[in-house]
Structure formats: C-alpha cells, structure tokens
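Take a look at the structure below.
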Amino acid sequence: MQQADDRFFNLAEGSIQGIIVHRNFKPLYVNQAWAEIHGYTVDEVLTVETLLQFYSPADQERLIGYAEARMRGEDDVPATYEYRGVHKDGSEVWLYNMVRRLDWDSGPAILSTTVDITDRKQAEAALTANEERFRMYFDLGLIGMAITSLEKGWVQFNDRLCEIFGYPREEVASLTWAEITHPDDLDADIAQFNRALAGEIEGYSMDKRFIRKDGEIAHASISAKCVRKPDNSVDYFVAFVQDISERKQAETILRQAMEAADMANRTKSEFLAHMSHELRTPLNSIIGFSELMRQGTHGKIGNSHYEQYAEDIHKSGEHLLGVISDILDVSKIEAAKLEFDEEDVDLPTVIRECKRMVAARAQEAGISVSSQVAKGVPRIRADNRRIKQVLLNLLTNSIKFTKAGGRVRVECSVNENGGVELSVSDTGIGIDAKNIPMVLQPFGQVRGHSVHAHEGTGLGLSLVQLLTEMHQGEISIESEPGVGTTVYVSLPKERALAKS
C-alpha cells in the first residue's frame, strides 16, 4: 500500500494538471499545478479552512451538492464538469474538473483533477459575440442574404430577401429558388449551380429575374459562394441578393431615350440630305445663268449696275452652293449614306491640285501658299475626292482667317507610327485653346470681334474631322491667338501602301 501511495504522489507532483484531495472541502493534499492555477503556493492552500473560497459564489452550491452526493456513493453525480474558480488577484478562471471518490488513509475523500480552460472559454465567448454580431448584421442587412443547404433547403435568410421576393417570411421557407426564378433565367442559373456542385467553381455571380408573389418582376444581382465539407462536397451555399430593379428600369428608359434620339437624328440627317439635294438643282441654274450674264455671252448688259448685280449673284450662289454641299456631306455621313470609293491616292498630286484650286482666292487675299512633301511619303489607300475635300477645306479655312501678307503652308510626312500625316498651318488670327473643341463641332463657330466679318456655317473643320474618321484617322489642332493655327490630319499606317 505504501508503494502505491508513493507512486500516486510522484505522479501528482510531476503532473501539469491540478490535483487536490479534500474531505468536506478541507484540503488533505494539493500539488503545485493546482495551487498555481489559483495564484497561490501549496502551503497557502493547505492552511485554508475550506476550499470554497477558491470557487465562484455562483457555483458553490452546485459543487457542494456534487461532493456530498459522491461521498455518499451516488452514481448519478457528474464525473466531469466545468466551474468558475477565483484567482488570488480576484479574477475569475474557468476550470474543468474530473472527480472521483477516493479511500484516503484517514477515510473516504474526493480526488479532483483540474484543468484551466479560461482561454478556451474566452475564445468561445468571443466566437459567440461574433456570431451574435453576424446574426445582427445578417438580419439588418440592406441586401438580401441567405444560407441554403442541399439537404435542408433554407437554413437562414433575412427580411430584406423576403422584401425582394415579395413573400412573407413564413412563405419563403416553403419555396425553392427554382420556383421564384424567371423561367428564361432558370437554365443559366442551374448551369452555374451544377458547376459549383461538380467542383469546377467555388461560386458565381449573375443578374437574374425573380417572380414576386404579386406577379411583378424583380431584377436582382446575385452572388453565391459554396462552403464545402472535408470530402469536397458542397455543404451549403451562401447567397447575397441585391435588388437592381430601379437600375434596370433606368437603363431601359435611357436605352429608349437613346433610340428615340438616334431616330430623331437620323430623321434630321435624312431631311437635311433631301432638302440640300432639292436646293442644289435650282441653285446650279442661278449660278449658270448669272455666269452667262457676267460674261456677256449673249451681249453686254446695258447698265453697269446690272453687271455688278450679276457678279454678286454669281458669288453669292457659289457661296451658298458650298454651304449646301457641306450640309449635304455632313448629313450623308450622319445618315451613313456617304459614298466612299477607295483607290490608290498620290498625296503630292492631291496637294498640287488643291494649291491650284485656291491660288486665285489666295492671291486676291494677298496670302502666299507653299507646300513641302517629305521624302519617302507612300501612296495611300483612300477616297481621292474626300482626301482632296479635306485639304481644300483646311486651305480655304486658313486663307479665310489669315490677313493680307500672311502665309499658309501645307506639309506631308510619315509620322512616328508609320502612318501619313498632312498638316496645314497659317499665320492667321488663331483660336483660344478652350475653344478648339467647339470649332470641331458641327456649326461650331467662335464669336468674337476679330471674326465677325467672316462668313460660314462652322461646318468646315467638323466635316474635315468626319471625313478623316471615315479613313480611321485622327485630327488635332494647335493654335495660339494672334500667332496662327496648325491642323494635323493623321492617317493610320494601314492606309499606307508599300512602294513598288
């Protein structure tokens, strides 16, 4: 017997678990580990009258009952239990107790093996607090949230989800996702769901429609994430559902407005194209007859005033014809009806022809026009007539806004991207930087004291931009008031032809 007692004490002294033997809560033996759990020394514990001072008052009555029943030999007393102990500094510690009746040398006693589980209890409390916060956020969420299981169906869902579905909470639980999903969206939803079940994806997002209880359609954006079991099968799905019905309605209204605006714009362009064509026919007659009168083809006009009138009619007619032609071209481009005939174009030739065409106007205005073509400029694939129209509009514009004695210069080169670049620069009145976007808009003109005298509709540069874009090119402008303007027309390298 003495040998068995020696083994017990040796084991108890070396144990990391607290061990104590007591009779009616009077300590008979305590090891170092049990004393340290409560912040005391072994001697301090052994000198106390009762161990109850080491137990929380909230648990003392329960623990007294357990000890008395075990001393009586009752079998229904818990062999293990948790209780709250009191540390020397007054703090509370959670303990796990394993208890049995022991025949001590002086009679029956209670043997307790105690483990400090305070850290575990604190972790559980924190987890419980987090779970409560999650439930609060879940229930008060501004978007619909749901947890569903393959076996149990709806595990949890919040009130916002019920509002989106249009069903009371008690009815949602009896529904399935498929029952409230719009039939046209069901196949796509099931396909994604099956991919998640097969392990191909961990979740998915999509826009879909739900059929509410009142029959109305609710548009929603859903994100579903699957949580898997250790064997990689799906345990349950977590879904977030956001009502986007208002956004979809706004998109529909915007799309309808854009379609209506596009229709109105096409109608306007078609009307202008038709009216421009109708106006050109009689205008050509006016220009032709005024030219005959001006030249005296069938005899001189008797009064010199009439000769001047014929001259004015001819000039006004030509100006009006140019305006109508520009309107017609812009309208055709907007209506996608402008004829576009591509061919091999030699830019040096185009530049020479355009210079000849504006030579008389430049001479009359007292402006010099020069040009320079860099070596190696290739032929391009383009609409020869439209490229010539681009250059003529730029030259005419420069001459119009340049005072007598000024200069206009045309340059052509290969840019750093391998494309071809045309530029027309002048020493004219210039444009303020903030007004450049305006002059590129149809009918856009900068109104100021220096330009009041210049005629025009403001279609020149916008037409240049439209024709350039038809060639997949870009236009840019550099200008400074009182110094001059340079307009660059860049055509992509895909338009350049290899030299033969």
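The values are calculated or read from the model by the stated rules, or taken from the named source; none is laboratory data. Just so it is clear, the model here is predicted, and its values are computed rather than measured. Cβ placement follows ideal geometry from the backbone for every residue including glycine, while neighbour counts extend to all protein chains displayed.
Here are some notes:
- Counting only strands (runs of 3 or more DSSP E) that fall entirely inside the range 54-124 and contain at least 3 residues that are small (Gly, Ala, Ser), the qualifying elements are 107-116.
Residue-by-condition table, conditions (1) more than 18 Å from Glu179 (Cα to Cα); (2) out of contact with any Asp or Glu (no Cβ under 7 Å at 6 or more places or on another chain); (3) buried (at least 16 other Cβ atoms within 10 Å of the Cβ); (4) among the polar types (S, T, N, Q):
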position	(1), (2), (3), (4)
Ala218	no, no, yes, no
Ile222	no, yes, yes, no
Lys225	yes, no, no, no
Phe237	no, yes, yes, no
Lys248	yes, yes, yes, no
Ala261	yes, yes, no, no
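- Against the criterion of being among the hydroxyl-bearing types (Ser, Thr, Tyr) and under 15 Å from Gly144 (Cβ atoms), Ser233 does not qualify.
- Residue satisfying condition, being crowded, with 18+ Cβ neighbours inside 10 Å and within 26 Å of Asn10 (Cα to Cα), within set Ala33, Ala79: Ala33
- Filter result for the condition that a residue is touching a helix residue (DSSP H, G or I) at 6+ places or on another chain (Cβ under 7 Å), part of a helix (DSSP H, G or I) and of a type in the set (Gly, Ala, Ser), over Ala196, Ala220, Ala178: Ala178
- Every listed requirement among (1) in a helix (DSSP H, G or I); (2) buried (at least 16 other Cβ atoms within 10 Å of the Cβ); (3) among the charged types (D, E, K, R) is met by Arg209 save one, (1).
- Those residues of the range 414-434 which are buried (at least 17 other Cβ atoms within 10 Å of the Cβ) and not in a loop (DSSP other than H, G, I, E, B), in sequence order: Val420, Glu421, Leu422, Ser423, Val424, Ser425, Asp426
- Of the residues screened, Leu197 is not one that is without any contact (Cβ under 8 Å) to a residue 12 or more places away in the chain and on the phi < 0 side of the Ramachandran plot.
- Condition check for Ala178: surrounded by 15 or more Cβ atoms within 10 Å (Cβ to Cβ) and at pLDDT below 90: no
- Which listed residue, of Ala58, Ala69, Ala33, Ala12, is out of contact with any Lys or Arg (no Cβ under 7 Å at 6 or more places or on another chain), more than 22 Å from Ser106 (Cβ to Cβ) and of a type in the set (Gly, Ala, Ser): Ala33
- Any pair with Cβ under 6 angstrom, 6 or more apart, that starts in the range 93-120 at a residue that is without any contact (Cβ under 8 Å) to a residue 24 or more places away in the chain and ends at one that is assigned to a strand (DSSP E or B): Tyr96/Glu82; Tyr96/Val115; Asn97/Tyr81; Asn97/Ser112; Asn97/Thr114; Met98/Thr80; Met98/Thr113
- Within the range 84-108, restricting attention to residues that are crowded, with 19+ Cβ neighbours inside 10 Å and within 20 Å of Tyr29 (Cβ to Cβ), the residue that is nearest to the chain's Cα centre (by Cα) is Leu95.
- Taken over the range 142-154, the criterion of being among the hydrophobic types (A, V, I, L, M, F, W, C), more than 29 Å from the chain's Cα centre (by Cα) and loosely packed, with under 14 Cβ neighbours inside 10 Å is satisfied by Leu150 alone.
- Members of the range 393-414 found to be modelled with pLDDT under 90 and farther than 22 Å from Gly482 by Cβ, listed by number: Asn393
- Of all residues in the range 345-373, those that are surrounded by 11 or more Cβ atoms within 10 Å (Cβ to Cβ) and either among the charged types (D, E, K, R) or assigned to a loop (DSSP other than H, G, I, E, B) (or both) total 7.
- Condition met for Val48 (surrounded by fewer than 16 Cβ atoms within 10 Å (Cβ to Cβ) and at pLDDT 90 or above): yes
- The range 360-418: number of residues that are over 13 Å from Leu347 (Cβ atoms), more than 46 Å from the chain's Cα centre (by Cα) and among the hydroxyl-bearing types (Ser, Thr, Tyr): 3
- In this entry, Gln441 is excluded by the filter for residues that are at pLDDT below 80, out of contact with any strand residue (DSSP E or B) (no Cβ under 7 Å at 6 or more places or on another chain), part of a loop (DSSP other than H, G, I, E, B) and crowded, with 16+ Cβ neighbours inside 10 Å.
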